[in-house]
Amino acid sequence: MLKPATTDIESLRVIEERLRWLSAWTIHHANHIRKNADGLKVGGHQASCASMTAIMAALYFHALGENDRVAVKPHAGPVLHAIHYLLGSQSLEALQNFRGLGGAQSYPSRTKDKIPVDFSTGSVGLGVAITLFASLVQDYLTAHGRMDEADRGRFVALIGDAELDEGNIYEAIIEGAKHDVRNLWWIVDYNRQSLDATSADRMFERFDEIFRSCGWRVVELRYGKTLQAALDSSPKLKAWFERLSNAELSALHYQGGAAWRTRIAADVGKPAATFLKQHDDAALAALFSDLGGHCIDSLVEAFDAADDDVPTLFIAWTIKGYGLPFAGHKDNHAGLMNPTQMAAWRDAMAVAEGREWEPLESVGDNVRPGVEAVLERSRIARDKRGRAFGSVPVPPIPAPVGDEQSTQAAFGRILLDLSKAGGELAERIVTTSPDVTVSTNLGAWVNQRGLFRRSEIADIFANEKIASAQKWSATNKGQHIELGIAESNLFLMLAAAGLAGDLFGERLFPIGTLYDPFIARGLDALNYACYQDARFLLVATPSGITLGPEGGAHQSINPPLIALGQPGLRHYEPAYADELAAMMAEAFRLIDDPAGESTYLRLSTRGIAQVERSDDGWREGALAGGYWLREPGADAEAAIVAMGAVMPEALAAWAELEPDIPGLGLLAVTSPDLLHRGWTAAHAGRWHGQRQASHVETLLSALAPGAGLVTIADAAPAALSWLGGVLGQRVAPLGVEKFGQTGTLADLYAVYRLDGAAITEAVAEILLRNGATFPESLTSSA
Ligand SMILES: Cc1ncc(C[n+]2csc(CCOP(=O)(O)OP(=O)(O)O)c2C)c(N)n1
Ligand SMILES: [Mg+2]
């Protein structure tokens, strides 16, 4: 790369100051100028922005290529908006409406912001790690011939130093080391401050070691050019400076020139006398502020030097609140400048009052053409890319044949059949699992399609002719990405692969498997994936207490409730293999539908007798959240409402009770999530004049008004008990509220009241309270 012209460095300095000003002004405007209708704090992080403006100026206006993608530290969101404002891709209205409805978002958001945001951020640590998985997806796509090598980009994460405490970052770099990831730049804004205070001393040395041992190059940008020269000429001063603790250093940055002088005179003494004489207080403050992360020269030089694909961690020393009155103050995280301070800064920049939003106000004619040229050059590289959707046909997915099947085994079978049949969808499926590939039934698919690795890994066991059902060789054409046991990585992998259409213009159909209880381990990363509108299929199995003797700590209760509250993720819980096949086809369709979403399938290892179907009528209902497996009679007083693996108990109870309770219905719920969504949407729709009943209202209105529902699921009872609220029907909820006990299925179902006896008792109770007369047989068992 050519060394940048001196004028470019000058221009970048001007741009840096503009970014610092515009980001601070955007926050100031939202807090101090815009009308505050509700008295709530608006907030924003002027100090966190100022810390990064030089880094971001050097990056966005010098180093980034058009295929590069960036995750910006959440609290530097206003800087990203300022960058796009300078480039002409962000509107004044959005800045003036910062943190308001429809305005620039508090933290960069792929889906809510109108500017190109490559990765959403907000929950610290996740935006960092997703860049690593995005880079892995890029390697996958190039290896599979879906992307040209020449179109490859670099993935950049702009990281707060306290953010480096998030463990998910280390899970990611360990996984990255296994996969030999590349094309990553992680740039730490090392301002030595977190939210609460100054951060622990000498941590960067630790980070340094951790990253190096994972194969990263670590580049430390401690000093700017001027400070470096000053300290190099005075070893004693340098030694003193480098002994300062984080808190001492921050305090000095805050206190300013006079304080530097007093401390240096006291601590270094005579050897620093000439140095002190040569610098007045202002010069001292400016000199010690010349840390690497604020020196455009040093940044540009370091970025230019890292022109290979080795993953690189830059540790750029900075000052939190650089150039602002509260620079270095330990409490400055959410600090806001007051109107007097802002006015003083505006005057110092010679920006006229009322012209604060003018992008290049007061930039002199001597530098303006240079600045404009740099802006123009950077524009193309930051354009928003279209999303790739709707091009992959989903073939019909037949249900696996078998009188008795578990949904988990059926899932493996369906994938195997898809693989054997081949075609566009099968070619674009990429599976991934955190060391539970075999135990979640992905094995047959992997045998067919192989593991993905950039460099080949031989299957030693197969080569040695040691008998094994599972092939385990990897090539760069494999379609399964095996992860270590770190569920957070699984979700970030799904997030990155689920954004392949957006990031690379190539749609992938990512399928991730894990045990249902361990969703909770990676939950924030799952939420993060959904928030960005990444599209994938999550298959969680086994689930509930139905895994029987294997149970204990592996039992899951609340994931259906999690799914009920998780936007962007559709929960399906099939009982039968044909339902599962329909749901998988729907999940693939939803991945490729602009208005679609991700799907979570909660499956089971329990083999159950499949039901006879007389027609296909169940299918539409199953995909909409539920259908009558046994239609209720007219004016039925009660229904059993069951979900998933406990369907045999529900069917048996229905068969036993139905002769005595004519018209008893059995509702198979396949998605409480969809039923609930439909219900609330219908409510909201009525306020807008729409009269259409939701699917759940239609289903339940087949019963008599005031009928009772016995709900049952191998999950928290609340997953279904809310159904009583739809039409005001009475509910007897059955489900699991405690976990941890192993046993046979019969034992566990009896203890946790998921068996036929529990259903019979619950039906009796419902009818009793309805004041109905009911058969003797029920009261005796109640
Ligand atoms: C997972 C998560 N936990 C807590 C927070 C709240 N939080 C926001 S910023 C921050 C500290 C950030 O410090 P640092 O990463 O050093 O960024 P700086 O503002 O100093 O640049 C915290 C704790 C968050 N956003 N995400
Ligand atoms: Mg910090």
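Observations on the structure shown:
- For residue 573, the stated conditions do not hold, so it cannot be described as surrounded by fewer than 24 Cβ atoms within 10 Å (Cβ to Cβ), of a type in the set (Asp, Glu) and touching a residue at least 40 places away in the same chain (Cβ under 8 Å).
- Selected residue (criterion: farthest from ligand 2 (Cβ to nearest atom)) from residues of the stretch 201-224 that are over 22 Å from residue 155 (Cβ atoms) and exposed (fewer than 14 other Cβ atoms within 10 Å of the Cβ): 209
- Taking the criterion of being more than 10 Å from ligand 1 (Cβ to nearest atom) and hydroxyl-bearing (Ser, Thr, Tyr), the residues of the stretch 38-68 that qualify are 53, 60.
- Scanning the stretch 175-189 for any residue that is more than 30 Å from residue 104 (Cβ to Cβ), within 14 Å of ligand 2 (Cβ to nearest atom) and more than 16 Å from the chain's Cα centre (by Cα) turns up nothing.
- Every listed requirement among (1) open to solvent by less than 50 Å² (accessible area, probe 1.4 Å); (2) in contact with a Gly (Cβ under 8 Å, 6 or more places away or on another chain); (3) not polar (S, T, N, Q) is met by residue 259 save one, (2).
- Check on residue 232, away from ligand 2 (no atom under 14 Å from the Cβ), free of Cβ contacts under 8 Å to residues at least 12 places away in the same chain and exposed (fewer than 15 other Cβ atoms within 10 Å of the Cβ): yes
- Among the conditions (1) under 17 Å from residue 309 (Cα atoms); (2) touching a helix residue (DSSP H, G or I) at 6+ places or on another chain (Cβ under 9 Å); (3) more than 16 Å from ligand 2 (Cβ to nearest atom), residue 88 misses just one, which is (1).
- Filter result for residue 124 (under 29 Å from residue 430 (Cβ atoms), in contact with a strand residue (DSSP E or B) (Cβ under 8 Å, 6 or more places away or on another chain) and open to solvent by 40 Å² or more (accessible area, probe 1.4 Å)): yes
- Looking only at the stretch 417-464, and only at residues there that are open to solvent by less than 50 Å² (accessible area, probe 1.4 Å) and part of a strand (DSSP E or B), the one that is farthest from residue 603 (Cα to Cα): 452
- Test: residue in the stretch 351-368 that is open to solvent by less than 20 Å² (accessible area, probe 1.4 Å), farther than 30 Å from residue 483 by Cα and acidic (Asp, Glu): yes
- In the stretch 88-115, the residues that are open to solvent by less than 10 Å² (accessible area, probe 1.4 Å), over 17 Å from the mean Cα position of the chain (by Cα) and either over 19 Å from residue 156 (Cα atoms) or within 16 Å of ligand 1 (Cβ to nearest atom) (or both): 95, 98, 103, 104
- Residues in the stretch 234-246 include at least one that is out of contact with any Phe, Trp or Tyr (no Cβ under 9 Å at 6 or more places or on another chain) and within 16 Å of ligand 1 (Cβ to nearest atom).
- Filter pass, residue 140 being under 28 Å from residue 478 (Cα atoms) and surrounded by 15 or more Cβ atoms within 10 Å (Cβ to Cβ): yes
- Residue 152 meets the conditions (1) in contact with an Asp or Glu (Cβ under 9 Å, 6 or more places away or on another chain); (2) buried (at least 22 other Cβ atoms within 10 Å of the Cβ); (3) closer than 19 Å to residue 62 by Cα in every case but one. The failed one is (2).
- Per-region count, the stretch 194-225, residues touching a strand residue (DSSP E or B) at 6+ places or on another chain (Cβ under 9 Å), within 16 Å of ligand 1 (Cβ to nearest atom) and part of a strand (DSSP E or B): 1
- Residues that are within 14 Å of ligand 2 (Cβ to nearest atom) and more than 16 Å from residue 318 (Cβ to Cβ) within the stretch 36-85 comprise just one, 74.
- Set side by side, the residues 139, 118 differ, and just one is touching a helix residue (DSSP H, G or I) at 6+ places or on another chain (Cβ under 9 Å), of a type in the set (Asp, Glu) and part of a loop (DSSP other than H, G, I, E, B), which is 118.
- One residue stands out in the stretch 161-182 among those that are away from ligand 1 (no atom under 16 Å from the Cβ) and closer than 23 Å to residue 59 by Cα: the one that is surrounded by the fewest Cβ atoms within 10 Å (Cβ to Cβ), namely 182.
- If you go through the stretch 292-328 and pick out every residue that is more than 16 Å from ligand 2 (Cβ to nearest atom), not hydroxyl-bearing (Ser, Thr, Tyr) and not in a loop (DSSP other than H, G, I, E, B), you end up with 9.
- Complete set of residues in the stretch 235-252 that are out of contact with any Leu (no Cβ under 8 Å at 6 or more places or on another chain), open to solvent by less than 20 Å² (accessible area, probe 1.4 Å) and not aliphatic (A, V, I, L, M): 240, 246, 250
- First in the stretch 183-194 and open to solvent by 10 Å² or more (accessible area, probe 1.4 Å), second anywhere and part of a strand (DSSP E or B) and near ligand 1 (Cβ under 8 Å from one of its atoms), Cβ under 9 Å, 6 or more apart: 194/160
- Counting only helices (runs of 4 or more DSSP H) that sit completely within the stretch 615-733, those holding 1 or more residues that are surrounded by fewer than 24 Cβ atoms within 10 Å (Cβ to Cβ) and among the charged types (D, E, K, R) correspond to 617-624, 647-657, 672-687, 695-700.
- Residues of the stretch 400-412 that are in contact (Cβ under 8 Å) with a residue 40 or more places away in the chain, outside any strand (DSSP E or B) and open to solvent by 40 Å² or more (accessible area, probe 1.4 Å): 403, 409.
- Breaking point among (1) open to solvent by 60 Å² or more (accessible area, probe 1.4 Å); (2) away from ligand 1 (no atom under 16 Å from the Cβ), for residue 330: (2)
- Summed over the stretch 334-344, the residues that are crowded, with 19+ Cβ neighbours inside 10 Å and either in contact with an Asp or Glu (Cβ under 9 Å, 6 or more places away or on another chain) or assigned to a helix (DSSP H, G or I) (or both) give a count of 1.
The values are calculated or read from the model by the stated rules, or taken from the named source; none is laboratory data. Since the structure is predicted, the reported quantities are computational estimates derived from the model, not experimental observations. Because the Cβ atoms are built from the backbone with ideal geometry, glycine has one as well, and the counts that use them run over all protein chains shown. The protein model used for the area step is the full one, side chains on, heavy atoms only, and it has no ligands, DNA or RNA in it. Shrake-Rupley method; radii C 1.70, N 1.55, O 1.52, S 1.80 Å.
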